[in-house]
1. How long are the three semi-axes of the equivalent ellipsoid for the stretch A:1-121, computed from the Cα gyration tensor as the root of 5 times each eigenvalue, in whole Å, largest first?
2. Once amide H atoms are placed 1.01 Å from N in the peptide plane, what residues at a sequence separation of 5 or more from A:Leu165, or on another chain, have their amide H within under 5 Å of its amide H?
3. List, in the order given, every pair from A:Lys20/B:Lys263; B:Lys125/B:Lys259; B:Lys29/B:Lys125 whose Cα-Cα distance in the structure shown is over 19 Å.
4. How much accessible area per residue does chain A have, counting only protein heavy atoms and a probe of 1.4 Å, in square angstrom?
5. So in chain A, what percent of DSSP beta bridges are antiparallel if you round to the nearest 5?
6. Using the Karplus curve 6.51 cos²θ - 1.76 cosθ + 1.60 with θ = phi - 60°, what ³J(HN,Hα) values do you get for each residue of the stretch A:131-140, in whole Hz, with x for Gly and Pro?
7. For the stretch B:165-214, what log10 I(q)/I(0) values come out of the Debye formula at q = 0.19, 0.22, 0.24, 0.25 1/Å, with one point per alpha carbon and no solvent?
8. Starting from the Cα gyration tensor of the stretch A:136-211, take the square roots of the eigenvalues, sort them a ≥ b ≥ c, and report rounded, prolate or oblate (rounded when a/c is under 1.5, otherwise prolate if a/b is larger than b/c, else oblate).
Amino acid sequence: MAKANKYSNTVVIRAENVRKTFGALTAVDSISFTVKKGECFGILGPNGAGKTTTIRMLYGFSPITGGRLEILNTDISQGLVQIKFRIGVCQQENNLDPDLTVQQNLEVYARYFDIPLPKARRKAEELLGFLGLNHRKPNRVAELSGGMMRRLVLARALINDPELLILDEPTTGLDPQSRHQVWERLNELRSRGITILLTTHYMDEAAHLCDRLVIMDHGRILVEGEPLKLIRDHVGHNVIEVNEPNPELRDYICSHNFGYEDLGHRLIVYSRANDALFHKLSEEYCREGCVFRMATLEDVFLRLTGRELRE
Amino acid sequence: MRGLFSFHVSQRFLRVWQRNFTVYRKTWKINFLPPLLEPLFYLLAFGAGLSALVGKIQYHGAELSYVVFIAPALIAITIMYSAFFENTFSSFVRMYYQKTYDAMMATPLTLEEIVTGEIVWGATKSVFATVIMLVIISLFGLIYYPHGFLIIPLAFVGGLAFGSIGMFFTGIVPTIDIFNLPMFLFITPMFLFSGTFFPLENLPIWAQLIASLLPLTHLVNIIRSLSFGSLDVSLVWSTGYLLIFFMIFFPLAQHAMKKRLIK
Ligand SMILES: Nc1ncnc2c1ncn2[C@@H]1O[C@H](COP(=O)(O)OP(=O)(O)OP(=O)(O)O)[C@@H](O)[C@H]1O
Ligand SMILES: [Mg+2]
């Protein structure tokens, strides 16, 4: 997935020490990152990490408390309206217009971008087809399923042919079929050169879609990089999970300096090497309840952000 | 207070107006019904019912039948209610429950344009209702023309004033139930004490003075004069008074909405 090299060096988003406070709470604490043209960039993080706050600053919904933010080579404090003509936003909440039909939702939204009606009609037709909502044109929004609403929000975000697509949890609440369909669409958009910035709680989604990503927590960026590289650097290749580990096994792991996490009833061992350790463990310490699997982005995420529940 | 009077509104605010008009057209039959039926109900109740009790009314030295007296006030009341309702309850639902403004703010529309579009839309609803009512009331021969045509642009001015006041409350009420407060403390007293159902001359002087501060009093005065076919300089003063309300509450509404929504 290391496709980064094929992108030009044009920077689409440049965030420098961007901060956002709500009273005493620092929701985003001096974060810096850049997104290049054609890239798919992910922001991951537990609930309350500051993802939505970051995104809201990007499209000018929330004024920044400090720092500098440049979108499409324009400082956000200078040319916000001009920037907004060129970006598409899918907010975390489905705020479709319940007073309008599916078709009208797109047409009315197109009007906000000064798109003339005939063109809006054509575009709506195309996008409803693109996201598999053609048969729902005359329906009211309330008659759609959650997944269809989400896809309509995505269609709406594409109405102005954006150069940058900003998606806050685009696939939350979708069934696996819809989710894969959305992934396919996003990949297709990216192959057309559209830059995408997204947040998600699905690690497989981030690993599948993102060229680069950051993991945030408490308003700060913990790590940044390509998904595979993050996995290699922070977890390794493989993971061994042991259910109900016995004391001998614990001692063995501790004394051999392996990376591990002890969850009480479960022990997670990050093995950088091959499966030799797994064979040793499963033969000598645990006959069953011992699993050997590939390391995933989820391991990185949990390792970096901890396992406690958030607010 | 920074930026209280500094806002930039492009003509894109019309997009917000158009959005509301699109929705209005979908339910136009229902939207047409209240302004169509309301004057009929009132004229029946007051004309056939109460008139017998009240008899003739003394107004500015002339003797009028009660129906002639209240018909113009019905229009003024409708102008007030249409815009105030639209920019309180309806705007609040769009803002708070439907998140329509949130969606709009991800487009080139600015919050100032959204608020402006909503207020202009509220005034437009006043105009629509006024036109329908004018037709009905004119059928009874209660409006003098061509003076009566001036009531239409006045409906817009009145709608802007009452809509801005409504939008200001939308910016500050914590929940939708709280609208009952301005309704009860501001709108209902105006409905009753603005020279609507009885001449203000019947009130003690101090009450007349208070009444003369109410914007609805001025709207009633203008519309009544026009309906009777009289044009005088007080019309200019009263229209100006409504415009002053608009010019005070429009920036206040913008400011309150900004404080509420820009986080
Ligand atoms: N308008 C606001 N006023 C006060 N605090 C806010 C506001 N918006 C967000 N916060 C706080 O800022 C922090 C970051 O919230 P944010 O919505 O950005 O998180 P998130 O990463 O998007 O979380 P989630 O995964 O749950 O969507 C949270 O502590 C939240 O309570
Ligand atoms: Mg969020």
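The values are calculated or read from the model by the stated rules, or taken from the named source; none is laboratory data. Model, not experiment: these values are computed from the prediction. Cβ placement follows ideal geometry from the backbone for every residue including glycine, while neighbour counts extend to all protein chains displayed. The protein model used for the area step is the full one, side chains on, heavy atoms only, and it has no ligands, DNA or RNA in it. Shrake-Rupley method; radii C 1.70, N 1.55, O 1.52, S 1.80 Å.
1. Values: eigenvalues 149, 80, 47 Å².
Result for the stretch A:1-121: semi-axes of 27, 20, 15 Å.
2. Long-range HN contacts for A:Leu165: A:Gly88, A:Thr195, A:Ile196, A:Leu197.
3. B:Lys125/B:Lys259
4. Details: 13810 Å² over 311 residues.
So chain A comes to 44 Å² accessible per residue, rounded to a whole number.
5. On the way: 36 of 53 bridges.
About 70 percent, rounded to the nearest 5.
6. Going residue by residue, I get 10, x, 10, 3, 6, 9, 2, x, 6, 7 Hz, with x marking Gly and Pro.
7. With one equal scatterer per Cα and no solvent, log10 I(q)/I(0) is -0.67, -0.78, -0.84, -0.88.
8. Values: a/c = 2.09, a/b = 1.30, b/c = 1.60.
Oblate, since a/c reaches 1.5 and b/c is not below a/b.
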